[in-house]
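Presented below is the structure to which this report refers.
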Amino acid sequence: MHKSWQLNEQGDRCLLVQFSGTLSLDTGLRCTRAARLLRDHAPACVRDLVPSFTAVAIHFYPDGSSDQLARLHDYVHQALAELDASQDQAAPGALVDVPVCYGGLFGPDLPAIAEQLGLSQEQVIELHSSQVQLVFMVGFAPGAPYMGILPEQLNVPRRATPRTVLPKGSVAIANQQTIIYPNESPGGWHLIGRSPVNLFDARRSPAALLAPGDQVRFVPLPHEQFDHWTPA
């Protein structure tokens, strides 16, 4: 057991760097910083690095050598030596402003969420947009960011009944997290708004607008500007 992380083998072509087992901003920052360090020092056999809320998966191609796992273990320990020595808890990625039209037809769950939490709709919007949120991971759908951690005042569970169709760009919350649905899809979180940003475009490089370690600042956008918004 390492003082801050544990390395486990997952089958014959994946290693898992496991941090804390609970969701926290500190653990999320360590995962995203660890993924950057591992990517910077990755040997040729490593094909992908996937950070999550509490771990980083290292996917690699077996090369048939008897000492590959030993070499990969050494690589991980050497790459993460800087992580353990550093006290820097800053997010490693970019700060991205994301416009959101809150409430109304764009956020049909906002009134019920406000009532459930004992807040006004304006207070919910203020709480959601006043705090920069960390992108913990990208998953569920291409380009879909899981972000947080939201203030405790906005802590609500998932919807009891998921929706079968959500519009592209829907901004939703649950379990002190925010997600933006990059395309029309089903979803079980509470819709509080919608963003006109294009989160995923296969013709773009990189295709996903947001990456683990980025920070998102939600900016309220008047409803009448949704169809006319263009990136700066």
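The values are calculated or read from the model by the stated rules, or taken from the named source; none is laboratory data. Since this is a predicted model, take the numbers as computed values, not measurements. Glycine gets a Cβ as well: all are built from the backbone with ideal geometry, and neighbour counts include every protein chain shown. The area values use the complete protein model at the heavy-atom level, side chains included, leaving out ligands, DNA and RNA. Shrake-Rupley method; radii C 1.70, N 1.55, O 1.52, S 1.80 Å.
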(request) Relative to the longest principal axis of the C-alpha atoms of the chain, give the angle of the C-alpha long axis of helix 68-79, reported between 0 and 90° and rounded to the nearest 10°. (result) 60 degrees
(message) If I build a Gaussian network model for the chain, linking alpha-carbon pairs within less than 10 angstrom, which residue out of Q121, Q78, Q133 has the largest mean-square fluctuation?
(response) Q78
(request) Report the charge-dipole magnitude of the stretch 101-232 in Debye, nearest 20, computed about the Cα centre from +1 at each Lys and Arg Cβ and -1 at each Asp and Glu Cβ. (result) 400 debye
(request) Please give the per residue accessible area of the chain, computed with a probe of 1.4 Å over protein heavy atoms only, in Å². (result) 49 Å²
(message) Among V100, V50, V165, which one shows the highest mean-square fluctuation when the chain is modelled as a Gaussian network with alpha-carbon springs under 10 Å?
(response) V165
(request) Tell me what the chain gives for mean residue ellipticity at 222 nm when only DSSP H runs of n ≥ 4 count, each as -39,500 (n - 2.57), the sum divided by the residue total, rounded to 500 deg cm²/dmol. (result) -6500 deg cm²/dmol
(request) State, to one decimal in nm², a quarter of the convex hull surface area for the C-alpha atoms of the chain, i.e. the direction-averaged projected area. (result) 14.3 nm²
(request) Determine the dipole magnitude for the stretch 1-81: charges of +1 sit on the beta-carbon of Lys and Arg, -1 on that of Asp and Glu, nothing else is charged, the reference point is the Cα centre, and the result goes in debye to the nearest 20. (result) 280 debye
(message) Could you tell me the center-to-center distance, by alpha carbons, between the stretch 19-43 and the stretch 166-228 in angstrom?
(response) 23 Å
(request) Would you mind telling me which residue in A44, A208, A141 has the biggest mean-square fluctuation in a Gaussian network model of the chain, where springs connect alpha carbons within a distance under 10 angstrom? (result) A44
